[in-house]
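What follows is one structure encoded as structure tokens, with my remarks underneath.
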């Protein structure tokens, strides 16, 4: 991977100092729950020591600062290969700043977009691999305890493609516990509405108490999308992408004039109407809707999706570990050998195909090239 670009003519802005280590600003990575993400160059004295991601609160909002502190306390306890790790929680003037590992890769929402653009579906092996890895990460979070062994009752609350990363080495990471609830959260946080409505469980939309099965429902939606290219609720993924774009723009690019402000207000009004309709569809969701969606997946695979996307949580898998075992058992019985190397190869091929389509080639031409047999070097 080539190093991120920065303007060498300008002295670096030091975002944070910790002992002999300093963190220099490289570029903004956009908004996140209760803060903004910045890519930083880490130095120990004068030596370059790699990159890190810094999350700091936007402005001086007391609630955002409090939630960032809660996220730091929780994330520091998470130690799992499929969860992005936090280095430490520190900041100037007592303002909390989270320092995360920098893991280059591609978020799943961008890969889904590339798949759609190139008309190239994901393999069943890739879908199973990603879902099983995230299920294991969720099980780790859901069963987390404090130092005395007391359950922390963690619920991620935002299991969605934009929070799933496939790294440049083919590993899978669950990102951003900024919306998570746990015993560290107050009642107001636990009763808060969904962050990503398109990936929320019915009980979340109904504002009922949540447990880990709400996260498994979100993962089931992601799995269905990977297998079929379609969301359970048609158009919900586009709604979510537009909502996230509006939210990030509002945080980072306030309107410059009255015309832009009016345009943003109109878009927000349309977005609110779309959100109301989506909430209605999720509340009305039943077994008939699920069975309609399952017609697009192989019959042998359908029980796995019924166990994640059942309208009633009592009918879903009880834990992420149970779901991961079922996914891996299906893969083994189907002869699908899939791991980091295969995931990396699939992502690389998908992104290359999407770039070719973006450059003007037709998806059919790209697909035909992929289906051609490889030349025999001996022939």
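With a ≥ b ≥ c the root eigenvalues of the C-alpha gyration tensor of the range 11-91, is it rounded (a/c under 1.5), prolate (a/b larger than b/c) or oblate? Oblate, because a/c is 1.5 or more while a/b does not exceed b/c.
Write down the Å³ per residue value for the convex hull defined by the alpha carbon atoms of the range 24-146.
On the way: hull volume 18.6 nm³, N = 123.
Spread over its residues, the Cα hull of the range 24-146 gives 151 Å³ apiece.
Its Cα gyration tensor gives the range 105-340 an equivalent ellipsoid, and the semi-axes of that ellipsoid, as √(5λ) in whole Å with the largest first, are 28, 22, 19. In this rough spin-label picture, where each label sits 7 Å from Cα along the Cβ direction, the residue 277-residue 147 distance is 5.3 nm.
For the peptides 161-173, 323-335, residues were scored by their other Cβ atoms within 10 Å and the scores averaged per peptide; the highest-first order is 161-173, 323-335.
For the range 110-135, list residues with backbone N below 13 Å from a point placed 7 Å from the Cα of residue 361 toward its Cβ? Output list for this probe position: 118-120.
Under the Kirkwood approximation applied to all pairs of distinct alpha-carbon atoms, what is the hydrodynamic radius of the range 274-357 in Å?
Details: mean 1/r = 0.0637 Å⁻¹.
It is 15.7 Å.
Just subtract the alpha-carbon distance of residue 351 and residue 63 from 0.36 nm times their residue separation and send over the number in nm, one decimal.
Numbers: separation 288, 0.36 × 288 = 103.68 nm, distance 3.92 nm.
Value of the extension gain: 99.8 nm.
Kindly put 98, 38 in sequence by how many other C-beta atoms sit within 10 Å of each C-beta, fewest to most.
Numbers: 98 27, 38 21.
The order, fewest Cβ neighbours first, is 38, 98.
The label-point distance for residue 169 and residue 295, in a model that sets each label 7 Å from Cα toward Cβ, rounds to 4.5 nm. Along the Cα-to-C-beta direction of residue 241, a point sits 7 Å from the Cα; which residues of the range 155-179 have their amide N less than 13 Å from that point? Under 13 Å, as judged by backbone N against the label point of residue 241, lie 161-162 of the range 155-179. Among beta bridges identified by DSSP and lying wholly in the range 76-234, the antiparallel ones come to about 90 percent.
Ranked by the mean number of other Cβ atoms within 10 Å of their residues, highest first, the peptides 106-118, 124-136, 194-206, 215-227 come out as 215-227, 124-136, 194-206, 106-118.
Can you tell me the length gained on complete extension of the stretch residue 302 to residue 192, counting 0.36 nm per residue apart and subtracting the Cα distance? Mind dumping the intermediate values first?
On the way: separation 110, 0.36 × 110 = 39.60 nm, distance 3.18 nm.
That pair, residue 302 and residue 192, stretches by 36.4 nm at full extension.
The relative contact order of the range 14-101, computed from alpha carbon pairs under 8 Å that lie at least 6 residues apart in sequence, is 22 percent.
The numbers here are math on the coordinates, done by the rules we state, and not lab data. Since the structure is predicted, the reported quantities are computational estimates derived from the model, not experimental observations. Cβ coordinates were reconstructed from backbone atoms using ideal geometry, including for glycine residues, and neighbour counts include every protein chain displayed.
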